[in-house]
1. Take Arg308 and Arg133, extend 7 Å from each Cα along the Cα→Cβ direction, and tell me the distance between the two endpoints in nm.
2. Quick check: pseudo-label points 7 Å beyond the Cα along Cα→Cβ at Lys370 and Gln47, how many nm apart are they?
3. For Ile417, Ile335, what ranking results if the residue with the fewest other Cβ atoms within 10 Å of its Cβ goes first?
4. Using Cβ contacts closer than 10 Å as the measure, can you line up Thr302, Thr201 from fewest to most?
5. Excluding Asn279 itself, what net charge comes from residues whose Cβ is under 15 Å from its Cβ, given Lys and Arg +1 and Asp and Glu -1?
6. Determine the calculated [θ] at 222 nm for the chain from helices alone, applying -39500 (n - 2.57) to every DSSP H run no shorter than 4 residues and normalising by the residue count; nearest 500 deg cm²/dmol.
7. Among residues other than Lys425 whose Cβ falls under 14 Å from its Cβ, what is the net charge (Lys/Arg +1, Asp/Glu -1)?
8. Report the Stokes-Einstein translational diffusion coefficient (µm² s⁻¹, integer) for the stretch 74-242, Rh taken as the Kirkwood radius over Cα pairs, at 10 °C with viscosity 1.306 mPa s.
Amino acid sequence: MKLIYLVLDGAAGDPSLGTTAYLSASKPNLDYLARNGRCGLVYTIGQGIPPESDAAVLSLLSYDPEVDYPGRGPIEALGVGLSLEEGKEVAFRGNFATVDPITKVILDRRAGRVFTPYEAKELARAIDGMKLREGYVRVKESVGHRVVVVIGSEKHKLGDQVGNTDPGYLRKGKISVSASKFDNRVSPCIPMTSREEDKITCELVNEFTERAIGVLDRHPINLMRKSQGLPPANAILLRDGGGRNPNLKALSSKFTGLSFTALVEMPVEIGIARAARMNVEVLPPPGSSRRDEEYRLRAEKTINAIERSDVVYVHLKGPDEPGHDGNLKLKAKIIEEIDKFFIKELLERISWSNTAVLVTSDHATPCQLKSHSDAPVPFLLYHLDIKPDRLKSFDEVECRKGSFGVIEKGSQLLPMILKELQMIK
């Protein structure tokens with residue numbers, strides 16, 4: 001038996017808040033899999049925790065975020081090809097944002113999301129290599145508004161127990177969670193301990209934040225964006241600092257005898273897949289082509305990958321962003337396109353006599369909240385020999401009735417499914 005493990009980023013919602021994209025979308029192929037498979041709900045990290053994608057994906061791949069999580073920054077750094085000098089550098093995930101350069105009020109946390117690769121590269125280049133009073137900065141553009149920032153020092157040991165400058169996310173240990181209410185200003189980086197190394201890191205971060213605004217606000221690209229009516233990307237909001245390179249136990253060692261391939265789009269998933277020592281195939285980022293072409297390409301690559309691997313992990317970013325934008329109609333449309341151009345292709349072309357598919361989400365992104373929530377997400381398992389639950393559709397309400405019930409931690413899901421399929425003992 002082989003397994004296709006499909007994660008639809010942020011596709012789930014919370015029916016207690018109102019309708020969800022799953023409930024409103026026309027998705028006959030996902031519904032077919034639910035009717036003819038077994039279903040349930042899963043808290044991807046645990047009850048009461050609105051997870052970020054990185055910690056959620058680690059959990060869905062069977063890792064314990066409380067133990068194995070190095071921080072979002074180092075994972076994203078690995079995803080864009082950067083490694084850290086441990087003890088001397090701390091990596092952060094960043095967003096290009098639009099702020100009032102005087103008051104530091106945040107006008108747009110993602111600078112409108114409208115970025116060309118050229119713009120992101122030139123803006124990152126303008127602050128890459130910045131010399132600080134007691135340190136330096138490395139900056140690498142990622143996808144869209146995303147960026148990786150590495151704060152370093154040749155003189156001092158640096159700590160990574162530091163807060164975020166992005167007020168939308170609260171640091172809890174190594175994990176950040178979405179803040180339901182916050183002051184909409186760039187936050188100062190505050191040490192989470194009394195250690196000198198954490199204090200020094202915060203001083204460097206705060207110096208970088210101020211100086212980056214000064215450079216970016218006057219950059220020709222931002223002057224051009226203003227003239228075109230686009231929000232200038234004149235600040236970087238940082239979160240999830242980490243000072244050690246990701247070092248996970250290989251999935252092929254955790255599940256002896258199985259080979260794993262990851263088809264991933266975004267640096268965070270690329271970094272996790274590399275850290276787990278999966279075979280990694282980087283897909284073009286979302287928006288590189290029409291969505292129907294994107295999903296057909298991903299289906300083709302999935303079909304090819306399952307020929308040479310036991311487990312193929314596929315992460316599709318599409319539904320998450322309209323969830324953050326509160327756009328239920330677009331979110332449902334993207335789920336419909338995944339159903340039509342990805343799921344249908346698999347159903348028609350995969351040999352299901354020896355292949356199963358597991359479908360879930362890394363977290364819920366309810367359009368009503370415009371952020372991640374702690375709601376459990378639906379999942380389904382389909383293969384030809386399964387005793388089906390005969391549910392009506394694949395959604396948050398129906399899957400609660402499924403025979404798998406509610407799984408309390410996402411790290412339990414993959415081992416449970418592999419045992420169900422008799423792929424491991």
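Only the coordinates and a few stated rules stand behind these numbers; no lab work does. Remember, predicted model here, so these are calculated numbers, not experimental data. Reconstructed Cβ throughout: ideal geometry from the backbone, glycine too, with neighbour counts over all protein chains shown.
1. 5.4 nm
2. It works out to 3.0 nm between the two label points.
3. Numbers: Ile417 21, Ile335 26.
Least to most surrounded, the residues fall as Ile417, Ile335.
4. Ordered by Cβ neighbours within 10 Å, fewest first: Thr302, Thr201.
5. It works out to a net charge of +1.
6. Dividing the helical sum by the residues of the chain leaves -9000 deg cm²/dmol.
7. Values: positive: Lys254, Lys419; negative: Glu420.
Taking every Cβ under 14 Å from that of Lys425, the sum is +1.
8. Calculated translational D: 101 µm²/s.
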